[in-house]
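The values are calculated or read from the model by the stated rules, or taken from the named source; none is laboratory data. Given the structure is predicted, the values throughout are model-derived calculations rather than measurements. So basically every Cβ, Gly included, is an ideal-geometry build from the backbone, and we count neighbours across all protein chains shown. These accessible areas exclude ligands, DNA and RNA; they are computed on the full protein's heavy atoms, side chains included. Shrake-Rupley method; radii C 1.70, N 1.55, O 1.52, S 1.80 Å.
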Amino acid sequence: MLFFRVVVSVYLASVVGETDLAADSSYVAAVYEHKVILNPDPRVPVSRHDALQHMQKNLDIYEEQAARAAQQGAQVLVFPEDGIHGFNFTRSTISGYLETIPDPKQESWNPCTEPGRYNNTEVLQRLSCIARRNNIYLVANMPDLTSVTKQWR
């Protein structure tokens with residue numbers, strides 16, 4: 001795991017809406033890279049259940065690493081692109097891996113504390129709970145139904 005300190009040199013009020021932050025605020029960020037547990041055949045469609053079983057294996061690793069990063073003082077943890085689900089899918093074979101992610105500009109929702117509010121948000125809920133449990137911000141890449149639909153039109 002690689003840790004580095006990022007010094008924020010811009011006034012954060014415009015980003016987070018607070019007016020009492022100093023221009024020299026900083027935070028500790030961590031970047032984690034791992035060998036993704038891949039779907040053995042991403043060209044074959046799988047059920048949502050099977051896709052979740054596959055993604056849970058990578059999320060188990062994320063959970064361990066978030067705890068380690070938080071213990072070492074990280075406030076933000078960045079995970080690898082495609083680290084939850086893998087890659088080399090087709091439009092039809094990725095469908096079991098997709099979740100609808102509500103627009104945060106239109107919704108006020110915490111997936112960890114309100115898990116039953118939306119269907120098929122198990123990965124989002126798990127990430128939210130990992131972040132909450134470890135008091136850390138997570139950056140994770142996951143395919144959502146809207147972006148895939150727009151990307152492959």
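Scanning segment 93-147 for residues that are of a type in the set (Val, Ile, Thr), closer than 30 Å to Gln71 by Cβ and either in contact (Cβ under 8 Å) with a residue 60 or more places away in the chain or out of contact with any strand residue (DSSP E or B) (no Cβ under 8 Å at 6 or more places or on another chain) (or both) yields Thr113, Val123, Ile130, Ile136, Val139. The one condition from (1) within 27 Å of Val28 (Cβ to Cβ); (2) free of Cβ contacts under 8 Å to residues at least 12 places away in the same chain that Leu59 does not meet is (2). A count restricted to segment 72-119 and to residues that are farther than 18 Å from Pro45 by Cβ and open to solvent by 80 Å² or more (accessible area, probe 1.4 Å) stands at 9.
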